[in-house]
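Worksheet: the structure to be examined is printed underneath.
The values are calculated or read from the model by the stated rules, or taken from the named source; none is laboratory data. Keep in mind the model is a prediction, meaning the values are calculated, not measured. Note that each Cβ is placed from the backbone with ideal geometry, even for glycine, and that neighbours are counted across all protein chains shown. Surface areas here come from the heavy atoms of the whole protein model, side chains and all, with no ligands, DNA or RNA. Shrake-Rupley method; radii C 1.70, N 1.55, O 1.52, S 1.80 Å.
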Amino acid sequence: NPSQSTSLHYMNPYQMNAYAMALKAVGEIIQDYDSDKMFPALGFGAKLPPDGRVSHEFPLVPVPRYDRLYGFHS
């Protein structure tokens, strides 16, 4: 449950959780090996609107031009 501070998914407004720290650490290294530094922004494992269809991988922004992020920043 992301609202409980004991959860690995907890979103603390003042510090990154373990998942965010791992993504940042890996991202800061791999971005130097990518020529355009553009990375897909994907979500994993969710029920998507409008019909609640389960998807195991989906773009966070369903607009092709905006489905990638530039670099990794803190």
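Per the conditions (1) modelled with pLDDT of 85 or more; (2) surrounded by 10 or more Cβ atoms within 10 Å (Cβ to Cβ); (3) not in a strand (DSSP E or B), the sole criterion not satisfied by Phe39 is (3). Selection over the range 1-24 of residues that are in contact with a Phe, Trp or Tyr (Cβ under 9 Å, 6 or more places away or on another chain) and part of a helix (DSSP H, G or I) gives a count of 2. For the range 42-58, the candidate set comprises residues that are open to solvent by 60 Å² or more (accessible area, probe 1.4 Å) and in contact with a Leu (Cβ under 9 Å, 6 or more places away or on another chain); within that set, the residue that is nearest to Lys24 (Cα to Cα) is Leu42. Could you tell me whether Gly71 is in contact (Cβ under 8 Å) with a residue 40 or more places away in the chain, open to solvent by less than 70 Å² (accessible area, probe 1.4 Å) and not charged (D, E, K, R)? So Gly71 passes the test. Listed by first and then second residue, the pairs with beta-carbon distance under 9 Å, at least 6 apart or on different chains, first residue in the range 3-21 and closer than 20 Å to Gly43 by Cβ, second charged (D, E, K, R), are Met16/Lys24.
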